[in-house]
Amino acid sequence: MNARPAASAAALALAVVAAGCRVGPAHATPPSPLPAAYAAAATDALAADEALLANWWTAFDDPALTRLVARALQDGCDVREAAARVAAARAGVGVAGAARWPTLGAGADATRLRLSGNALFAPPVVRTATQYEVGFDSSWELDLFGRVQHGVDAAAAELAVSEALAHDARVRLAAEVARTYLALRVAQARHAAAEQAHGLAIEQVALAQARAAAGVATAADVDAAVAAREAAAAVTPDFALAVAAATQQLAVLVAAPAAAIQDDLAAAAIPAGPAVVAAGLPADLLRRRPDVRAAERALAAQVARLGVATADLYPRLSLNGVFAFTSTSTDTLFDAGSRTFGFGPALQLPLFRGGALRAQLAAATAEADAANVRYERTVRAAGAEVETGLAALRLQTRRRDLAAAALAAEQQRASASRALHEQGLVDWSAVLAAEADAAARRGELAQAQGDSALARVTLFKALGGGWPAPATAPADAPAVGQ
């Protein structure tokens, strides 16, 4: 029988044997600790709108917000950094996958040698010579027990982790842009209300001074009006600073100078957002939340590394070969007589390593257990965030409506005071007092509107909104180790 076909047949047989000897655990997604439905029964019955969740900021019907989010998702530093990490992880998959294939190398060297004349079995003539060598070497580890494939699976799972974290960066960035945008709008509205209150306080001082000059008011009344005026003036810088801070933060988020987005930051109404946010079911979080997907894939990677540690306890078989030309003269280096070669299998048996391999296996097992706990914690935290978001949405909406009703009542009171003043029944100070109270309620309403809109942003983020989630959860994909 020809030697080469025999060697090929032996290699094929070994590969077939290797395919059936894989050791190590198979990954399976742990059962979900989430309940079947959210506590907010009125909301959880609604099916989540996937198209809306993917681009939830458009539901606020605010062109400036939509432009800022789109710009951040395209140019934001967090998104670009996450993309670079995905590229690095993808390259890591290529590195791990290369271990499944034979390696081939080429080399050349020239060595100046002198043999000792005083050594055991010394040559009769001691001389110095130069030896030249040019050749190739190759090695191929046959993956008998799945060590290499487990490494590939781990790298593939790490790539999935980085991709999920890249999606999570988009979710977080979109929510942060919306949160900062709402903070800007609230600060602008409250600054306007504070300016109005300050103007009214100035009128109160002028009126108190006139009344004191007429002898119908005391110096204490004037001092009280002046104190109220200064207190009103002291509030406005805080809101002006909040406007400046939100402007700069938005510039950082969209990775652009503040001057480039000034048109989108001009004073405007606080967007209300959709009246209802359909949360779907808790099970949807396993598919939609990218941080949950990342935790699940991180668990899969640790299980694959556990497979590597398990396979390290078993023998490793490699096919090695070398072919070279060796000569003491470059003139005869490539002659037939200068050829040297060697081919054959190499088997490594881990007989004794001081317990290192068992310790590595124990460490990998503990890391897999820790990854399992991290996955459970991530899932539980995701469910808690949605439950909190649903409660906040309901309560903040109620608070906004109450604040609107309070402002309407104060405005009605101010109108009635003005009508009574025109009839000569009350003096102008009563009108100014009612107008000042209305300005205060206007600032409170702006804050309540902002908090109500922010509750919607927070709920969208908790639901994993901000990227087009796949139709199936990771558990439906081929499991690592199977």
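Take the conditions open to solvent by less than 40 Å² (accessible area, probe 1.4 Å) and either of a type outside the set (A, V, I, L, M, F, W, C) or at pLDDT 90 or above (or both) and apply them to ALA371. Does it pass?
yes
Output yes when any residue across segment 451-474 is open to solvent by 20 Å² or more (accessible area, probe 1.4 Å), within 30 Å of ALA232 (Cβ to Cβ) and either among the acidic types (Asp, Glu) or at pLDDT 80 or above (or both), and no when none is.
Yes: segment 451-474 contains one or more residues that are open to solvent by 20 Å² or more (accessible area, probe 1.4 Å), within 30 Å of ALA232 (Cβ to Cβ) and either among the acidic types (Asp, Glu) or at pLDDT 80 or above (or both).
Return yes or no: is GLU133 in a helix (DSSP H, G or I), at pLDDT 85 or above and surrounded by fewer than 19 Cβ atoms within 10 Å (Cβ to Cβ)?
no
Would you call LEU445 under 21 Å from LEU200 (Cβ atoms), buried (at least 20 other Cβ atoms within 10 Å of the Cβ), modelled with pLDDT of 90 or more and under 35 Å from the mean Cα position of the chain (by Cα)?
For LEU445, the condition - under 21 Å from LEU200 (Cβ atoms), buried (at least 20 other Cβ atoms within 10 Å of the Cβ), modelled with pLDDT of 90 or more and under 35 Å from the mean Cα position of the chain (by Cα) - is met.
Search segment 374-412 for residues being over 30 Å from the mean Cα position of the chain (by Cα), charged (D, E, K, R) and open to solvent by less than 80 Å² (accessible area, probe 1.4 Å), and hand back the single one that is modelled with the lowest pLDDT.
Only one residue tops the list, namely GLU410.
Would you tally the residues in segment 419-442 being among the small types (Gly, Ala, Ser), surrounded by fewer than 18 Cβ atoms within 10 Å (Cβ to Cβ) and over 30 Å from THR397 (Cα atoms)?
3
For segment 358-368, what are the residues that are surrounded by fewer than 16 Cβ atoms within 10 Å (Cβ to Cβ), in contact (Cβ under 8 Å) with a residue 40 or more places away in the chain and among the hydrophobic types (A, V, I, L, M, F, W, C)?
ALA363
Quick check: is even one residue across segment 69-86 within 26 Å of ARG185 (Cα to Cα), open to solvent by 60 Å² or more (accessible area, probe 1.4 Å) and in contact with a Gly (Cβ under 9 Å, 6 or more places away or on another chain)?
For segment 69-86, residues within 26 Å of ARG185 (Cα to Cα), open to solvent by 60 Å² or more (accessible area, probe 1.4 Å) and in contact with a Gly (Cβ under 9 Å, 6 or more places away or on another chain): absent.
Given THR236, THR247, which one is hydroxyl-bearing (Ser, Thr, Tyr), farther than 22 Å from ASP61 by Cα and touching a residue at least 40 places away in the same chain (Cβ under 8 Å)?
THR236
With the requirement that a residue be open to solvent by less than 20 Å² (accessible area, probe 1.4 Å), closer than 25 Å to VAL152 by Cβ and not small (Gly, Ala, Ser), what does segment 265-302 give you?
Correct list: PRO290, VAL292, GLU296, LEU299.
The values are calculated or read from the model by the stated rules, or taken from the named source; none is laboratory data. Everything numeric in this text was worked out from a predicted model, so none of it was measured. For neighbour counting, all protein chains shown are included, and Cβ atoms are generated from backbone atoms with ideal geometry for every residue, glycine included. All accessible areas refer to the heavy atoms of the entire protein, side chains included, with ligands and DNA or RNA removed. Shrake-Rupley method; radii C 1.70, N 1.55, O 1.52, S 1.80 Å.
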